[in-house]
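Okay, so here's the structure we're looking at.
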Amino acid sequence: MDGCATTPTGQLRRLALAALHEQGITVRRLRWMGRHSNHLFRADTAAGERLVIRVCLPGGRSDAELDAELAWLAALARDTGLTVPVARFSTRVASPELPAGARCIGFTWVTGRRCGPRPSRRLVADLGRVIGTLHSHAAGFRPPPGFTRPSLDIARLTWAGTWHAAQFASRPIDPGVRLLLGQAAETVGQVLAGLGQDPAGYGLVHADLDLDNVLDHHGQARVIDFDDASWGHYALDLAIAADGVPEARRPALLAGYQTVRPCRPAT
C-alpha cells in the first residue's frame, strides 16, 4: 500500500502548511478534504484566495508524471475556454516527522457544486461538450520534452501487478465468476489492442471521468482531478463517463460530445 494511506493526517497537514509558508501565503484556514490517490486540503488564505493543496508522498506519481499533468492543465487553460484546475505553485518540502518529504502542489479552486448521481440533461450534454473539447485539444497537443504519463490499457484497468489486484485475487470468489471476469478482461484487452493507437482516436485522456469529478456551475460542467490523466483511447474515456451517467441521459452526453468532436460511424 502507498504511504498516503497510513501517514497521519496531522503530519500531512504540517507539510501543506510548510509549502504554503514557503510561498509566502498566509493561511486563514486549512481543511482536510479527504484522501484520493493523494491527500487533499482546502486552503483559505488571508488574501481571500482559495486553493486545493495536493500532498504527494514518495511512492506515488513520479516528478515527471506530475510535471506532465501540470503542463497539460496549463495548456488546456491557455488554449480552450474550459475552467480547469491549474498549478498556483509546486514545491517539495520535508519535516522531522517525514524526512523524505513530499511534493505539494497548490491548485486554483474550481467553483461549482457536486453534480450528484442524477445530473440534469443540460449538465450531461455540457459534460459531453467538455469531454469533446478535452479530446480535440489532446489531438493537437504537442507534449514538451520529458512528458510522461501512464497508459490506460488493460493492465491498468485490471490493476495488474498492484496491491489492489492481489487483494482481489485473495477473495473467496465463485470460480465461475472468476473465470467470467478473466474472459471479460481478455476480450477488452483484445478490443483495445485492435483499436491501435491512431492519433485520430488515441491521445491524452482524463481517464477518471466519474461524476465525482464533475462540478455543476449553473448548468455548466467543470471537470476536476486530472491525477489519472493517461495516454488512451478517446472512446474509452467517453465510455467511463457514460458508465456513470444515468442510462436515460447517455444520448445527451453523446450529443454534447458530437457538437465538438463528431464520432465516426462504426464500419
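The figures follow:
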item	result
Equivalent ellipsoid semi-axes - Cα gyration tensor, segment 113-258, angstrom	27, 21, 15
Crossing angle, helix 63-79 versus the chain [Cα axis fit, 0-90 degrees, rounded to tens]	80
Cβ-Cβ FRET estimate between ALA77 and ASP174, R0 fixed at 45 Å, reported to 0.05	0.40
Angle between the chain longest axis and helix 9-22 axis [Cα atoms, degrees, rounded to 10]	70
Trypsin sites (Lys or Arg not before Pro) within segment 110-206, DSSP loop, no more than 12 other Cβ atoms inside 10 Å	none
Helix-derived mean residue ellipticity, 222 nm - over the chain, DSSP H n ≥ 4, -39500 (n - 2.57), to 500	-12000 deg cm²/dmol
Under-5 Å amide H pairs with GLY101, H placed in peptide plane, nonlocal only	SER95
Euclidean distance of C-alpha centroids, segment 188-215 and segment 237-267, integer Å	13
Largest-first ellipsoid semi-axes for the chain, taking √(5λ) over the Cα gyration tensor eigenvalues, angstrom	32, 25, 18
Candidates THR108, THR133, THR91: whichever shows maximal mean-square fluctuation once the chain is modelled as a Gaussian network with Cα springs under 10 Å	THR91
Segment 3-108: C-alpha gyration tensor shape, a/c 1.5 cut-off, then a/b vs b/c	oblate
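We did not get these values from a lab; they are worked out from the coordinates using the rules stated. Source: prediction; values computed, not measured. Glycine also receives a Cβ, built like all others from the backbone with ideal geometry; neighbour counts cover every protein chain displayed.
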